[in-house]
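Participant: Okay, here's the structure, questions in a sec.
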Amino acid sequence: MKHFIDITRETCPMTFVKVKLMLAKLDKGDQLEVLLNEGEPLENVPRSCEEQGYIVLSVDPRDNGQHVVLVQK
């Protein structure tokens, strides 16, 4: 199942905290689409997800300086 979270209004370290809390609610194999801003969130969230054992499937840029990161639990 695919889920979505928008963390564009959050700042580090809350960006990953929000993602981690959402991932904790998901079942193994579920996917989470994370909408985030470029810069520190884009650098930290995918790296932190991988460090926690999650799989980053893709990082897709949007036209407005935001990105969508697809993470699998």
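The values are calculated or read from the model by the stated rules, or taken from the named source; none is laboratory data. Since we're looking at a predicted model, the values are computed, not measured. Note that each Cβ is placed from the backbone with ideal geometry, even for glycine, and that neighbours are counted across all protein chains shown. Quick note on the areas: whole protein, heavy atoms, side chains included, nothing else; ligands and nucleic acids left out. Shrake-Rupley method; radii C 1.70, N 1.55, O 1.52, S 1.80 Å.
Participant: How do the pairs read when you match residues in the stretch 48-61 that are more than 17 Å from residue 38 (Cβ to Cβ) with residues anywhere that are assigned to a helix (DSSP H, G or I) and open to solvent by 70 Å² or more (accessible area, probe 1.4 Å), using Cβ under 7 Å and keeping only pairs 6 or more apart or on different chains?
Facilitator: The qualifying pairs are 52/20.
Participant: Shifting gears a bit: With the requirement that a residue be surrounded by 15 or more Cβ atoms within 10 Å (Cβ to Cβ) and hydrophobic (A, V, I, L, M, F, W, C), what does the stretch 18-34 give you?
Facilitator: Of everything in the stretch 18-34, those that are surrounded by 15 or more Cβ atoms within 10 Å (Cβ to Cβ) and hydrophobic (A, V, I, L, M, F, W, C) turn out to be 19, 22, 23, 26, 32, 34.
Participant: Looking at the stretch 42-73 only, could you name the residues that are assigned to a strand (DSSP E or B) and among the hydrophobic types (A, V, I, L, M, F, W, C)?
Facilitator: 55, 56, 57, 59, 68, 69, 70, 71
Participant: Would you pick out the residues in the stretch 2-18 that are part of a loop (DSSP other than H, G, I, E, B) and at pLDDT below 95?
Facilitator: 10, 11, 12, 13 - these are the residues of the stretch 2-18 that are part of a loop (DSSP other than H, G, I, E, B) and at pLDDT below 95.
Participant: Now for a separate question. Taking interchain pairs and intrachain pairs at least six residues apart, which have beta carbon atoms under 6 angstrom, with the first residue in the stretch 30-44 and modelled with pLDDT of 95 or more and the second among the basic types (Lys, Arg)?
Facilitator: 30/73; 31/2
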